[in-house]
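Single-structure report; data block below.
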Amino acid sequence: MLVELELEVLESLPPKSALADFSKSIVKWELLLLVAKLNGNTEYGIWNYIDSLKTRTENSMTIYTFIKSRIENGSFVVVPGEKKSRKTLALSPQLREELMTYLAARTEHTLQRSEQLRSELMAMSA
């Protein structure tokens with residue numbers, strides 16, 4: 001039951017969405033969430049983001065190349081920082097909106113399904 005719920009959550013991500021590129025590996029998903037959380041914090045540059053990742057399933061240069069490609073395609077925007085050499089990142093408005101919509105829908109779905117599963121478990125134990 002809980003496995004089914006987790007599969008439903010994974011399957012709810014539209015394959016053609018901007019989020020799909022980030023869902024291909026856990027480190028890319030973590031990067032997306034980290035950039036969203038820091039939201040242009042000028043104390044962070046590209047290498048600070050990379051060094052902050054906990055789920056390092058890919059090497060640093062692969063992640064760096066991915067970040068550069070997300071800047072080029074407009075998913076990430078470079079925020080002017082205190083140091084000209086430091087590239088601080090933020091999500092594009094479109095990607096931020098898509099992420100927040102997805103997370104809100106996922107949370108709502110999870111809450112609804114959890115309540116349904118709880119009811120089923122209570123009925124089974126009665």
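How would you rank Ser75, Ser69, going from fewest to most other Cβ atoms within 10 Å of each one's own Cβ?
Numbers: Ser75 22, Ser69 12.
Result, fewest neighbours first: Ser69, Ser75.
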- Note on the structure: With only helices counted (DSSP H, runs n ≥ 4, each -39500 (n - 2.57)), the per-residue ellipticity at 222 nm for the chain, to the nearest 500, works out to -20000 deg cm²/dmol
- Residues with amide H under 5 Å from that of Leu89, placed H, sequence gap 5 or more: Gly40, Val79
- Task: List the trypsin sites (Lys or Arg not before Pro) within the range 1-34 that fall in a DSSP loop (any state other than H, G, I, E or B) and whose Cβ has at most 12 other Cβ atoms within 10 Å.
- Result: Lys16
- Message: Give me the percent relative contact order of the range 1-124, please, defined on Cα pairs under 8 angstrom at least 6 residues apart.
- Response: 28
- Could you please state, rounded to a whole Å, how far the C-alpha centre of the range 43-57 is from the C-alpha centre of the range 74-124? 19
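Where a number appears in this text, it was derived from the coordinates with a stated rule and is not lab data. Nothing here was measured: the structure is a model prediction, and the numbers come from that model. All Cβ positions, even for glycine, are placed from backbone atoms using ideal geometry, and neighbour counts span all protein chains on display.
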